[in-house]
Amino acid sequence: MVKIFLTGASGYIGGDVLRGLAGKHPEYEISALNRDPAKASQILEQFPSVKIVSGDLDDVSLLESEVAEADIVLLYWVQVSGASALATPEIASETFGEPSDKTYNDLDGVEEIKALIQEYPSRAVDNYMLKVAASSPQVRTAVVFPPIIYGVGGGPCHQRSVQVPELARFTIERGKGAQVGRGLNRWANVHIHDLSDLFALLVEKAVQGGDEGKVWNSNGIYFCGSGGEMTFGEISEEVAKSAYEQGLVKTAAIDQLKPGEADAIFLHASVMLGTNARCEGTRAKEVLGWKPQQGGLRAEIPKIVSQEADALKAKK
């Protein structure tokens with residue numbers, strides 16, 4: 001019996017990862033950390049075979065006990081980073097909305113990626129995982145760096161992503177679209193179900209064993225852009241166009257916002273909407289056989305706009 005310990009089951013990513021694993025591998029024994037009784041009930045309602053571990057990430061002794069009992073550990077706040085790591089130099093220099101011709105490759109460019117992370121101590125968790133990978137080779141580690149995530153999550157509690165839904169929300173609320181600066185910055189993107197498939201493949205590889213050097217530790221860095229990038233100017237245009245066509249705003253025009261103006265609309269908007277994160281899931285495709293199946297972000301945007309409009313109406 002394969003034992004898995006999972007955190008983040010009530011969240012957008014963790015909930016969908018749980019959906020993917022429980023559906024594909026009912027034989028796995030999955031324990032999920034959760035501190036909220038109401039959310040625990042939601043998790044059990046959808047996944048009655050899951051064992052709820054009552055506690056939080058500050059309970060070190062509990063975590064040590066659960067990790068010791070598990071064959072595989074999926075720690076959301078440790079093993080899921082974010083492609084904004086690639087934008088750390090832009091964040092440091094406060095350069096937003098500008099283009100970049102730099103695309104990162106997680107198969108052939110691992111050393112370059114690690115050097116970038118190590119250059120910035122502010123990436124504390126990423127740097128910690130690099131140290132663990134180097135100092136404890138007996139522990140097989142992997143860190144996943146998602147770009148823009150889109151699509152409705154299949155977990156029990158939170159099904160909403162952040163970047164594009166927030167852009168859609170504030171476009172509707174302010175009555176006009178917006179971008180950070182010139183909006184020439186590009187991000188890769190991935191559907192939430194394709195991202196969960198990648199996690200399932202990592203778990204399956206851990207169960208099967210083999211190909212250690214290619215999959216884990218010093219090489220265990222995974223980007224997951226599923227192919228095709230968009231500038232945030234293009235995304236903003238599509239959001240404003242969809243909102244206009246659905247009668248939610250009176251114009252499809254776009255405003256250029258300064259970073260501070262964007263951050264005043266929602267937290268860290270200048271980073272989430274104004275930086276570059278150009279990458280593709282090359283390693284996952286090559287060493288795990290990852291094959292994204294879902295449609296692209298552009299086709300999903302009208303649905304995102306409609307969902308945000310419904311959510312805003314429900315709050316009134």
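The values are calculated or read from the model by the stated rules, or taken from the named source; none is laboratory data. These numbers come from a predicted model, not from an experiment. Cβ: placed from backbone, ideal geometry, glycine included. Neighbour counts: every protein chain shown.
Going through region 80-99 one residue at a time, which ones are over 20 Å from residue 190 (Cα atoms) and either small (Gly, Ala, Ser) or part of a loop (DSSP other than H, G, I, E, B) (or both)? Passing the criteria: 92, 93, 94, 95, 96, 97, 98, 99.
Scanning region 100-130 for residues that are in a helix (DSSP H, G or I), within 23 Å of residue 282 (Cα to Cα) and of a type outside the set (Val, Ile, Thr) yields 111, 112, 114, 115, 116, 118, 126, 127, 129, 130.
Being over 14 Å from the mean Cα position of the chain (by Cα), of a type in the set (Val, Ile, Thr) and part of a helix (DSSP H, G or I) is a condition met by no residue of region 133-152. Taken over region 40-69, residues that are buried (at least 17 other Cβ atoms within 10 Å of the Cβ), in a loop (DSSP other than H, G, I, E, B) and of a type in the set (A, V, I, L, M) amount to 1. Does residue 305 satisfy being outside any helix (DSSP H, G or I), buried (at least 22 other Cβ atoms within 10 Å of the Cβ) and either over 17 Å from the mean Cα position of the chain (by Cα) or of a type in the set (Phe, Trp, Tyr) (or both)? Here the answer is no, as residue 305 does not meet what is asked.
Of all residues in region 98-116, exactly one satisfies the criterion of being in contact with a strand residue (DSSP E or B) (Cβ under 9 Å, 6 or more places away or on another chain) and among the basic types (Lys, Arg), namely 114. Being of a type in the set (D, E, K, R), over 18 Å from the mean Cα position of the chain (by Cα) and at pLDDT below 95 holds for only one residue in 108, 36, and it is 108.
Scanning region 1-30 for residues that are surrounded by fewer than 24 Cβ atoms within 10 Å (Cβ to Cβ), assigned to a helix (DSSP H, G or I) and among the β-branched types (Val, Ile, Thr) yields a single hit, 13. Restricting region 184-215 to residues that are small (Gly, Ala, Ser) and surrounded by fewer than 24 Cβ atoms within 10 Å (Cβ to Cβ), which is modelled with the lowest pLDDT? Here the residue is 210.
Counting the residues of region 104-129 that are surrounded by 17 or more Cβ atoms within 10 Å (Cβ to Cβ) and hydroxyl-bearing (Ser, Thr, Tyr) gives 1. Within region 235-268, the set of residues being within 27 Å of residue 102 (Cβ to Cβ) and without any contact (Cβ under 8 Å) to a residue 60 or more places away in the chain comprises 260, 261, 263, 267, 268. Count of region 244-291 residues, restricted to those that are at pLDDT 95 or above, aromatic (Phe, Trp, Tyr) and assigned to a loop (DSSP other than H, G, I, E, B), is 1. When residue 33 is tested against the conditions (1) part of a helix (DSSP H, G or I); (2) closer than 16 Å to residue 157 by Cβ, the lone failure is (1).
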